[in-house]
Amino acid sequence: MVTSIARQSVIIKCNLQKSVMLGNYEFYYAAGLVKKLYGLEISSDMEPEAMSALILERADSLTPKDEKEEYLLTMLKCYEPLTNYDEQMKELFVWGESEPDLWSVTTSWHPGA
């Protein structure tokens, strides 16, 4: 899996407000963004189901600043996480939580680079 593709997919979906999350790679990047945007106490070490449950528990109390953040939350509310979990998902979470180019498809930044 090329992690930048999952990142770009989430950004494009939020920018266009189309489609749904298709897998845990997108989910982990999106969860990292939620941590960055709202300060949720989630981490890359969490299993998919536990992370999703915590996000869903807090989602209705979050206030999106714009339509992109609102769509991000909508996608997370509709997503049913898979049980698979690997190092690339952790990488995508870290990328989301430290994203310097929010909502921009192109970036020269990569976590760990």
Quiz item: Measuring from label point to label point, each 7 Å out along Cα→Cβ, what is the V2 to E57 span in nm?
Solution: 3.8 nm
Self-check item: trypsin sites (Lys or Arg not before Pro) restricted to DSSP loop in the stretch 14-78 with at most 12 other C-beta within 10 Å
Solution: K18, K65
Quiz item: Between the stretch 11-25 and the stretch 35-85, what's the alpha-carbon centroid distance in Å?
Solution: 13 Å
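Find the accessible area per residue for the stretch 26-81; the probe is 1.4 Å, ligands and nucleic acids are left out, and the unit is Å².
Numbers: 2720 Å² over 56 residues.
Value for the stretch 26-81: 49 Å² per residue.
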Quiz item: Taking the stretch 1-89, which GluC sites (Glu not before Pro) meet the DSSP loop condition and have no more than 13 other C-beta atoms within 10 Å?
Solution: E41
Quiz prompt | Relative contact order computed over the chain (Cα-Cα under 8 Å; 6+ residues apart), in percent | solution = 43 percent
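Per residue of the chain, what 222 nm ellipticity follows from adding -39500 (n - 2.57) for every DSSP H run with n ≥ 4, rounded to the nearest 500? Walk me through the numbers before you get to the answer.
Details: 5 runs with 64 residues, N = 113.
Computed ellipticity for the chain at 222 nm equals -18000 deg cm²/dmol.
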Practice problem: Calculate what fraction, in whole %, of the accessible area of the stretch 11-113 sits on carbon and sulfur atoms when a 1.4 Å probe is rolled over the protein chains. | Solution: 51 percent
Quiz item: Given the chain, what count of lysine pairs have C-alpha atoms under 16 Å apart, with each pair 8 or more places apart or on different chains?
Solution: 12
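The values are calculated or read from the model by the stated rules, or taken from the named source; none is laboratory data. On a predicted model such as this, the values are computed, not experimentally measured, just so you know. For neighbour counting, all protein chains shown are included, and Cβ atoms are generated from backbone atoms with ideal geometry for every residue, glycine included. Each accessible area value is taken on the protein alone, full model and side chains, heavy atoms only, with ligands, DNA and RNA left out. Shrake-Rupley method; radii C 1.70, N 1.55, O 1.52, S 1.80 Å.
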